[in-house]
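**Q** Got a structure for you, written out below as structure tokens; questions coming shortly.
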Amino acid sequence: MSWCEKGNILIVGSGIVGRSWAMVAVSAGYRVVLYDTVHQQVTNTIQIIRQQLNELEGSGNLRGTLKVEEQMLLISACSDLAQGVEGAILIQECVPENLELKRKVFQELDDLMNDDVILSSSTSCLLPSKLFSGLKHVKQCIVSHPVNPTYYIPLVELVPHPETNPAVLERTYKLMKDIGQTPVKLMKEIDGFVLNRIQYAIIGESWRLVKDGVLSPEDVDLVMSAGLGMRYAFMGPFETIHLNAQGLKNYCERYETGMKRTLSSFGPVPEFSGEVMETINQSMSEKTPSDSESLEARRQWRDLRLAALAKMKSDSK
Ligand SMILES: NC(=O)c1ccc[n+]([C@@H]2O[C@H](COP(=O)([O-])OP(=O)(O)OC[C@H]3O[C@@H](n4cnc5c(N)ncnc54)[C@H](O)[C@@H]3O)[C@@H](O)[C@H]2O)c1
Ligand SMILES: *[C@@H]1O[C@H](CO)[C@@H](O)[C@H](O)[C@H]1NC(C)=O
């Protein structure tokens, strides 16, 4: 199985996230082996991938230089985990977000894997110390947290276990870059990792602004989509303030007092329930009712906009 120059990526769990990793990896010429305890799930996933790659090609959004058929040739199904591990350079775990289940899967893999392969988890919020502690191969373990939809949002948060070999972090970083993603390295684990910490800060303050009667929910969303988000699609908070004054130091000198005063006026952590939730739900449901069909239609709209944005970003590099 190791005939592929770039090496195999074994994907354990062929749901939404497993499928996204597979599509990204084959677009960069990696051979992907899909495994799932429900074998029918692998068959379904391969069918969906073919359909989605064809659609992406049709709309001019297919990643990489390989044609759909060439990419599909790189994907195979596997019903025996031991066989899948053979020749793998990366094992990307994508089973449901459940600590016990993930630990069971890692214990199984721990007995099958060699001393070189990287064992990487897609977990959204379980800490590496909870996931990997006690494994024989803990030095080869890492969290690689993708963002949905991975095909258009390239960020991957890499979170090492305290015992992860620094060389494994580096190798994972290079690999993620090579498959066309944008990795960031956390030096140590932290609750929520980083994307969600920043996202929750925004959600928290947005919630309070509605609760305090400052802004309607729709207008909060506009502050992001028509305001902050315009810049944030290209640059982060630090570069933003660097450019918004005579450099970062000057920004801090000028705005330090105002920033601190405003930040100290932030209220407590919201309950995310009750009357405010009713208000926000009401407002969101007006635009997109929360039945699965409407939500799916809106997701497709979102993905089209993201595809266009991703293309624009790569054209203007
Ligand atoms: N959905 C997202 O937006 C998102 C984004 C980033 C990270 N994640 C994380 O990715 C992981 C997977 O999420 P998902 O949305 O793809 O879930 P999912 O339910 O769509 O897919 C999980 C798959 O794992 C399979 N599975 C269950 N037990 C297994 C086992 N023991 N061995 C092999 N396969 C097994 C299931 O049959 C299913 O096909 C979770 O940890 C989730 O937190 C999700
Ligand atoms: C959210 O609001 C919509 C529209 O008023 C309503 O149909 C739906 O039941 C609400 N959801 C919940 C969980 O209250």
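None of the figures in this text is laboratory data; all of them are computed from the coordinates on show. Please read these numbers as outputs of a predicted model, since none were measured by experiment. We place every Cβ from the backbone using ideal geometry, glycine too, and count neighbours over all the protein chains shown.
**Q** Of R103, R63, R50, which residue is part of a loop (DSSP other than H, G, I, E, B), among the charged types (D, E, K, R) and either away from ligand 1 (no atom under 12 Å from the Cβ) or out of contact with any strand residue (DSSP E or B) (no Cβ under 8 Å at 6 or more places or on another chain) (or both)? Steps first, please.
**A** Working: R103 fails: part of a loop (DSSP other than H, G, I, E, B); R50 fails: part of a loop (DSSP other than H, G, I, E, B).
None of the others qualify; the one that does is R63.
**Q** Are there any pairs with C-beta distances below 9 angstrom linking a residue in region 281-293 that is more than 16 Å from ligand 1 (Cβ to nearest atom) to a residue that is assigned to a loop (DSSP other than H, G, I, E, B), with the two at least 6 apart or on different chains, and if so which?
**A** Note: pairs meeting the criteria are N281/S290; S283/S216; M284/S290.
**Q** A245 is checked against (1) surrounded by 14 or more Cβ atoms within 10 Å (Cβ to Cβ); (2) touching a Leu at 6+ places or on another chain (Cβ under 9 Å); (3) of a type in the set (A, V, I, L, M, F, W, C) and fails just one. What number does that condition carry?
**A** Tallying (1) surrounded by 14 or more Cβ atoms within 10 Å (Cβ to Cβ); (2) touching a Leu at 6+ places or on another chain (Cβ under 9 Å); (3) of a type in the set (A, V, I, L, M, F, W, C), A245 fails exactly one: (2).
**Q** Can you tell me which residue in region 119-152 is farthest from D303 (Cα to Cα), limited to those that are crowded, with 22+ Cβ neighbours inside 10 Å and touching a Cys at 6+ places or on another chain (Cβ under 8 Å)?
**A** F132
**Q** Among the residues of region 106-161, how many are of a type in the set (K, R) and either within 10 Å of ligand 1 (Cβ to nearest atom) or under 21 Å from Y35 (Cβ atoms) (or both)? Please lay out each step first, then the result.
**A** Here is the first cut: in region 106-161, the residues of a type in the set (K, R) are 130, 136, 139.
If we keep only those that are either within 10 Å of ligand 1 (Cβ to nearest atom) or under 21 Å from Y35 (Cβ atoms) (or both) too, we end up with 136.
Qualifying residue count for the region: 1.
**Q** Any idea how many residues of region 235-251 are among the hydrophobic types (A, V, I, L, M, F, W, C) and not in a helix (DSSP H, G or I)?
**A** In the first step, residues of region 235-251 are kept if they are among the hydrophobic types (A, V, I, L, M, F, W, C); the result is 235, 238, 241, 243, 245, 248.
Next, only the ones that are not in a helix (DSSP H, G or I) stay: 235, 245.
Of the residues in region 235-251, 2 are among the hydrophobic types (A, V, I, L, M, F, W, C) and not in a helix (DSSP H, G or I).
**Q** Out of region 177-216, which residues are over 26 Å from the mean Cα position of the chain (by Cα) and at negative phi?
**A** First pass over region 177-216, keeping only residues over 26 Å from the mean Cα position of the chain (by Cα): 208-216.
Within region 177-216, R208, L209, V210, K211, D212, V214, L215, S216 qualify.
**Q** Could you look through region 33-52, keep only residues that are farther than 14 Å from Y151 by Cβ and among the aliphatic types (A, V, I, L, M), and pick out the one that is surrounded by the most Cβ atoms within 10 Å (Cβ to Cβ)?
**A** To start, the set of residues in region 33-52 that are farther than 14 Å from Y151 by Cβ comprises 33-47, 50.
Okay, now just the ones that are also among the aliphatic types (A, V, I, L, M), so 33-34, 38, 42, 46.
Numbers: V33: 24, L34: 27, V38: 11, V42: 23, I46: 19.
Among those residues, the one meeting the criterion is L34.
**Q** Counting just the residues of region 270-316 that are aliphatic (A, V, I, L, M) and within 16 Å of ligand 2 (Cβ to nearest atom), which one comes out farthest from Y151 (Cα to Cα)? Before the answer, list the steps.
**A** Going through region 270-316, the residues aliphatic (A, V, I, L, M) turn out to be 276-277, 280, 284, 295, 297, 304, 306-310, 312.
Next cut, within 16 Å of ligand 2 (Cβ to nearest atom) only: 276-277, 280, 284, 295.
Values: V276: 34, M277: 31, I280: 29, M284: 26, L295: 19 Å.
Among them, the one singled out is V276.
**Q** Moving on to the next point. Do any strands (runs of 3 or more DSSP E) entirely within region 116-177 hold 1 or more residues that are among the charged types (D, E, K, R), and if so, which? Walk me through it before giving the result.
**A** Values: elements: 118-121, 141-146, 155-160.
By residue number, 155-160.
**Q** Among the residues that make up region 209-217, is at least one of them of a type in the set (K, R), more than 16 Å from ligand 2 (Cβ to nearest atom), surrounded by 14 or more Cβ atoms within 10 Å (Cβ to Cβ) and in a helix (DSSP H, G or I)?
**A** Residues of region 209-217 that are of a type in the set (K, R), as a first pass: 211.
Add one more test, that the residue is more than 16 Å from ligand 2 (Cβ to nearest atom), and what stays is 211.
Checking the rest, the ones that are also surrounded by 14 or more Cβ atoms within 10 Å (Cβ to Cβ) come to 211.
Among the residues that remain, those that are also in a helix (DSSP H, G or I) are: 211.
Looking through region 209-217, at least one residue is of a type in the set (K, R), more than 16 Å from ligand 2 (Cβ to nearest atom), surrounded by 14 or more Cβ atoms within 10 Å (Cβ to Cβ) and in a helix (DSSP H, G or I).
**Q** Among the listed residues G258, G236, identify the single one that is without any contact (Cβ under 8 Å) to a residue 24 or more places away in the chain, more than 16 Å from ligand 2 (Cβ to nearest atom), within 24 Å of R197 (Cα to Cα) and surrounded by 10 or more Cβ atoms within 10 Å (Cβ to Cβ). Full working, then the answer.
**A** Working: G258 fails: surrounded by 10 or more Cβ atoms within 10 Å (Cβ to Cβ).
Going through G258, G236 in turn, just one is without any contact (Cβ under 8 Å) to a residue 24 or more places away in the chain, more than 16 Å from ligand 2 (Cβ to nearest atom), within 24 Å of R197 (Cα to Cα) and surrounded by 10 or more Cβ atoms within 10 Å (Cβ to Cβ): G236.
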